[in-house]
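Worksheet for the structure shown next.
FYI, it's all coordinate maths here, none of it is from the lab. Bear in mind that the values here come from a model prediction, so they are computed numbers and not experimental data. All Cβ positions, glycine included, derive from the backbone under ideal geometry; neighbour counts span all protein chains shown.
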Amino acid sequence: GNSVTQMEGPVTLSEEAFLTINCTYTATGYPSLFWYVQYPGEGLQLLLKATKADDKGSNKGFEATYRKETTSFHLEKGSVQVSDSAVYFCALSPMNTGNQFYFGTGTSLTVIP
Amino acid sequence: GAVVSQHPSWVICKSGTSVKIECRSLDFQATTMFWYRQFPKQSLMLMATSNEGSKATYEQGVEKDKFLINHASLTLSTLTVTSAHPEDSSFYICSARGHRNTEAFFGQGTRLTVV
């Protein structure tokens, strides 16, 4: 079946620290992989995505590389800011499912000045 | 990216009443819409998938008579929580996808509190 396993939080970092949030997946075929961010009281916003193996998604300083050999899509940012404080969800969408999503449990990130 | 608007963003209702949540795609035609439910500090769980003009497909364990989904047009889907109870209190999020989109776009979510 399809599932996403995400690093549990919460994660607390100081400003300008390096961030890694681990995400691994199980899927049949070749899914698309996503990172979504949810700011307090808001819905989900797409942060970045990758649709095939070895693709790197990037946005706002965040990066994630689609690693088929390790079935991973770890999120990284070299220098976090207070404004990055949010909940981050890793998700996959299997091929030919009309964009049904399977989400990880979410990782809460708090960045302190 | 495309815009999906969800309304209301926050609602409180009395136990036993029904609540309707709207999900609109503002600048594209949404052939498929998804409804998710998010419990506190948990991930999103897919409730149902709806295609315009046809009945929604519900995930296992979701009561279709309690969570009525209507997708009558290419820009609007509604979720009605019937005879709401406190355990229905949750954050409900819709997402929409057009036939040319490779991704689904999410609404802002609706926080429902049943008292």
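Some values worked out for this structure:
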| item | result |
| --- | --- |
| Unit charges on C-beta of K, R, D, E only; dipole of chain B, Debye | 100 |
| Karplus-derived 3J(HN,Hα), 6.51/-1.76/1.60, for each residue of region A:11-18, Hz, glycine and proline x | 10, 10, 10, 7, 4, 6, 6, 8 |
| Cα-centred dipole magnitude for chain A, charges only on beta-carbon of K, R (+1) and D, E (-1), debye, nearest 20 | 320 |
| Proximal charge balance of B:SER5 [Cβ under 12 Å; K/R count +1, D/E count -1] | -1 |
| Magnitude of the charge dipole, the protein assembly as shown, Cβ model with Lys/Arg +1 and Asp/Glu -1, debye to 20 | 440 |
| Estimated D of region A:13-61 in µm² per second, where Rh is the Kirkwood radius over Cα pairs and Stokes-Einstein applies at 4 °C, 1.567 mPa s | 99 |
| Dimensionless Rg ratio for region A:1-96, taking C-alpha atoms and the 2.2 N^0.38 Å reference | 1.05 |
| Under the Karplus curve 6.51 cos²θ - 1.76 cosθ + 1.60, θ = phi - 60°, whole-Hz ³J(HN,Hα) for region B:61-71, x wherever Gly or Pro sits | x, 9, 7, 6, 7, 8, 10, 8, 10, 10, 10 |
| Phi to ³J(HN,Hα) by Karplus 6.51 cos²θ - 1.76 cosθ + 1.60 over region B:103-115, Hz, x for Gly, Pro | 9, 9, 10, 9, x, 6, x, 10, 8, 9, 10, 9, 10 |
| Whole-number D in µm²/s for the protein assembly as shown (Stokes-Einstein; Kirkwood sum over Cα pairs; 25 °C, 0.890 mPa s) | 136 |
| For the protein assembly as shown, Cys with no neighbouring Cys Cβ under 4.7 Å | B:CYS13 |
| With 10 Å bins from 0: P(r) over region B:1-108, alpha-carbon pairs, percent | 16, 50, 30, 5, 0 |
| Interatomic Cα distance distribution for region A:40-113, bins of 5 angstrom, percent | 3, 13, 23, 26, 19, 10, 5, 1, 0 |
| Centre separation in Å (Cα based) which lies between region B:43-115 and region A:69-91 | 27 |
| Residues whose placed amide H lies under 5 Å from that of B:THR75, excluding near-sequence neighbours | B:ALA30 |
| Options B:THR75, B:SER90, B:GLN38, ranked by Cα towards positive dipole end of the protein assembly as shown, top entry (Cβ charges) | B:THR75 |
| Inter-chain shielding of A:43-51 (mean C-beta neighbours from other protein chains, 10 Å cut-off) | 4 |
